[in-house]
1. Rounded to two decimals, what is Rg over Rh for chain A when you use alpha-carbon atoms and the Kirkwood radius?
2. For labels at A:Y319 and B:R233 in the simple 7 Å Cα→Cβ model, what's the distance in nm?
3. How many nm separate the modelled label positions at A:L277 and B:D45, each set 7 Å beyond the Cα in the direction of the Cβ?
4. On average, how many beta carbons from a partner chain sit within 10 Å of the beta carbon of a residue in B:132-143?
5. Per residue of chain B, what 222 nm ellipticity follows from adding -39500 (n - 2.57) for every DSSP H run with n ≥ 4, rounded to the nearest 500?
6. Let me know the mean shielding of A:356-362 by other chains, meaning the per-residue number of their Cβ atoms within 10 Å of its Cβ.
7. How far is the Cα center of the range B:140-197 from the Cα center of the range A:293-358, in Å?
8. On a 0 to 90° scale, report how tilted helix A:37-73 is relative to the longest principal axis of chain A, with both axes built from alpha carbons and the result rounded to the nearest 10.
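What follows draws every value from the coordinates through simple rules; no lab data is involved. Predicted model, so just to flag it, every value in this text is computed and none were measured. No Cβ is skipped: glycine too gets one built from the backbone with ideal geometry, and neighbour counts run over all protein chains shown.
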Amino acid sequence: MTWLFLPILIAAAVAAFLGGRALARRRSEGQRAHSRPGQHGAYALIWTAVPALIVLIAASVFSPQVERQLMASGAPEAVQQLEHFRREAFYADARAVGAGHQTAQIWPAPYAELLPAEGQRAHRISLMLSLGGIVAAALAALLGALFVFSQIRPGMRARNRVEGWIVGALFACSAVAVLTTIGIVASLVYDSIRFFHSVPITEFLFGTQWSPQTAIRADQIGSSGAFGALPLFTGTFLIMLIAMCVAAPVGLFSAIYLSEYAGPVFRATVKPVLEILAGVPTVVYGFFAALTVGPALRTFFNTIGSWMVGGPLDGLGQYLMLVQNQMALVAGGVMGIMLIPFVSSLSDDIINAVPQSLRDGSYAMGATKSETVKRVLLPAALPGVSGAMLLAMSRAIGETMIVTMAAGLAAKLTLNPLETVTTVTVQIVTLLTGDQEFDSPKTLAAFGLGLTLFLVTLLLNIVAQRIVQTYRQQYD
Amino acid sequence: MKFKLFRAPDGSQGGGSAPEAPVISTPVVTHGAGPVGPTKISARDVSVFYGDKQALYDVSLEIPDKTVTALIGPSGCGKSTFLRTMNRMNDTISHCRVTGRIEMDGEDINAKSVDPVLLRARVGMVFQKPNPFPKTIYENVAYGPRIHGLASSKGELDDIVQISLKRAGLWEEVSDRLHSPGTGLSGGQQQRLVIARAIAVEPEVILMDEPCSALDPIATAKIEELIDELRERYCIVIVTHSMAQAARVSQRTAFFHLGRLVETGPTEEIFTNPRERRTLDYITGRFG
């Protein structure tokens, strides 16, 4: 309601700009003014709009509380005697009646009769508050405008003051990002500490049992809850390792081909395609893994297993016949494919950053292309490339969708790529999806896992950035 | 036939010191005195195109052995382009096309049977900006011998590195830190390191593309001194922007302008008695 004033405020601000500009022009006629008329206008605009906006925001933040106070203070005896939450419900319904809507509940005898009158009172109060907000905002705008108009004279440094406001606005925007990050980390740390009150940190980091099912009712059995996250860490590590085994060589070699061997036409076609590939949503990779690669690999291993059964490798054959769709190999392999464009594009940039003079030097010595790549380019690009690899690793660790769909949920402590494993991210998803109570160790465990994940990826990113940066400086 | 190009030169071949009248179609002024040594490289009607743009027009030039030949001319006149045709470095630029005939010891270096990789082992090159590899000093010099398999043992490689550094006049300064990075040397030292790297593969020709343009006067003087010493063993072609440098280090000079060879002859004559108006204008600093 209060915000209906906004168009008027905008119009007033524009008017203040025009008025300020005209006034500045008139007052500085024939003299050399410090600031241009337009800057005086902008300054008037700021002083008209900002105080009014602050009043409007304050009004919409505080008016619900004031409204409740006013409702409570004038309420009839019967309503005041209600329990707290019933009283709130009654006011809510009174507001609804006042605005001409249906009530949410059916109220018994004394209250049903009270509702129309209370509804009218609620309507009056809300109208009064809205009007009050608008009047206050208009007043603020008016005062601001008067203040500025009284200041306009040739010597006024409007230019610098407007600049100061702009700096302030830009700073506020960048502060939002930083403060949000700090807030996220703080909530992670706070809830993790609560979690570590119920589960010791050593048990969390080094325990080998993960079964976060806690009893909801006291008589439930088999739900004692175990929070040893080691199987999750090994699962994450295993999948990351498989992904890097795919992404590192393929990505690096394709980068070498693109930057050193490919013709301009091929390069101009393939690079954008690679970048498109990097933009495919991970959920698409996820169902590619779960529905295509998983079954295909299972069939492959089961068939090989069936050939072995009865032979000298009978045991292995029996095992392979029981391999399931969901295995670390599938999730890791598809994640590796997802990371190829990432690794390749970063490595390509880094190899391209190696100065042409080094290539020329090597070719002029009679080195072939592959000798140049192996002996000059790769050693020169190595720090940068390893930085790129670390960044890819940190993405692999934080990747969620592919592993949720293709890796499985069973927390097994194994490094066998054919087994079903689970990762930190998958467990966070399963712990927090659906209806949850927010103070059980089961839910809080997600924060512990999240904090661990955050710290590890943060560390990897810092190290990678360092490496890439020092490498860049070397050739600039 | 195929391997003749890669045999070590015995020095007895070539046209001797008799003045040769080059077969040329463009009116290039050639001074009377012939090449100082036997002709090492002979270019006939060489043109170079970058895409549709022609950078070099029918250049014919005889380059004698054991001599420093300076290529001078204003920026963009094609002298560096011509230099790069002699070790086929232009092959590494995809849209670059070279026509005409370039012979080294009487053999066409653009023939299909010639491998540019092996040709470049015989024709070393030093670039404008020192470009040591990000490796140790030792590894920089050992780079060429390694890829061409010139040393059969560690001791032999050590010898090659030492001799090359000595010939490049750098041994005294770096003998105690052979295994520190080559990029840590000063600009002048880096350029001498790059020269050592080039001579480590025993080339016959050394091409230098403005080797001193990134160096201070003292480092420049050292490199010039070195070029003069190297002349005893190698055929040297140097591109330079500095008239004074051309006059100091070279025995023969070729003046390029707008992609054409204008005048060529003994350095002394070019500088004291140029026959072309454009040459005179350039060396007296009227343009360029």
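1. 1.13
2. Reported label-point gap for A:Y319 and B:R233 is 6.3 nm.
3. Going by the 7 Å Cα→Cβ label model, 4.9 nm.
4. 3
5. -9000 deg cm²/dmol
6. Averaged over the peptide's residues, the number is 6.
7. Using only Cα atoms, the two centres lie 46 Å from each other.
8. Roughly 90 degrees between the two axes.
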